[in-house]
Amino acid sequence: KKIAVFASGNGSNFQSVIDAIKAGKLAAEIGLVVCDKEEAFVLERAKAEQVEAFSFSPKNYPSKEAFEMEILEKLRERDIEFIVLAGYMRLIGPTLLQAYSHRMVNIHPSLLPAFPGKDAIGQAFQARVKLTGVTIHYVDEGMDTGPIIAQRAVPVLDDDTRETLQTRIQETEHEMYPAVLAELFQK
Ligand code: GRF
């Protein structure tokens, strides 16, 4: 499966996906990294892994439609079949949704529908829940609302700080995303 990974920041989930591919655990090829922040660390990772990246600044475009049209063109040129959102901090618009409906997934650090949106880990920590987790879901027009594919629970321990909770959730993400993608791509 030829995929594109969309990310805005650190890119640790991109790293887990490429590592799984290199280890022969995921039958996929990352044809493009798409990044809406010119200085994001994921771009360094892509470079180190010799994966092509397209980075852009939304403010240089008149509209979301305009930059999504450009992204779509790049995806098509590279025959990208599937989009993996991995910390892409932006709602996907109709241009990409229509082209890749049912072929785009996202990972979110909570048990949706609890704690959608930004800083789900901080939200869960402040709510003092005993259990949170990770959700992988298809992408629709809403914020973290699409059909759920897989969920894993992560406990919040009494002595957790926000940081230790984040570490536990991210370890879960890094194991879970490649495994769930591998299953999806078998179908
Ligand atoms: C992850 O926690 C993911 O669930 C959320 O954004 C974070 C991205 O982290 N959507 P990274 O850039 O993959 O390290």
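No value in this document is a laboratory result; all are computed from the given coordinates. None of the values given here were measured: they were computed from a predicted structure. Neighbour counts run over all protein chains shown; Cβ positions are idealised from the backbone, glycine included.
General observations
- Summing Lys and Arg as +1 and Asp and Glu as -1 over all other residues whose Cβ lies under 13 Å from the Cβ of Leu43 gives a net charge of -3.
- Violating pairs (Cα-Cα greater than 19 angstrom) within the set Lys37/Lys118; Lys1/Lys22; Lys74/Lys187; Lys37/Lys74; Lys1/Lys47; Lys47/Lys187: Lys74/Lys187; Lys1/Lys47; Lys47/Lys187
- Per residue convex hull volume, Cα atoms of the chain, in Å³: 114
- Cα pair distances of segment 1-93 binned at 10 Å [whole percent]: 17, 53, 27, 3, 0
- 10 °C / 1.306 mPa s Stokes-Einstein diffusion coefficient of segment 88-187, Kirkwood radius on C-alpha pairs, µm²/s: 112
- Net charge over other residues, Cβ less than 14 angstrom from the Cβ of Gly93 (K, R count +1; D, E count -1): -4
- Calculated from backbone phi, Karplus (6.51, -1.76, 1.60) coupling profile of segment 49-58 in Hz, x at Gly/Pro: 8, 6, 9, 5, 10, 10, 10, 8, 10, x
- Alpha-carbon centroid distance for the pair segment 121-155 / segment 1-77, whole angstrom: 23
- GNM top mover of Val34, Val17, Val129 - the chain, alpha-carbon springs below 10 Å: Val129
- Under 5 Å from the amide H of Phe54 lie the amide H atoms of Val33, Val34, Cys35, each residue being 5 or more positions distant or on a separate chain, with H modelled from the backbone and absent for Pro and chain starts.
- Database remark: amide H of Glu29 closer than 5 angstrom to the amide H of Lys2, Ile3 (H placed geometrically; neighbours at sequence offset of 5 or more, or on other chains; Pro and chain starts carry no H).
- Rotationally averaged projected area of segment 70-119 (alpha carbon convex hull; nm²): 3.9
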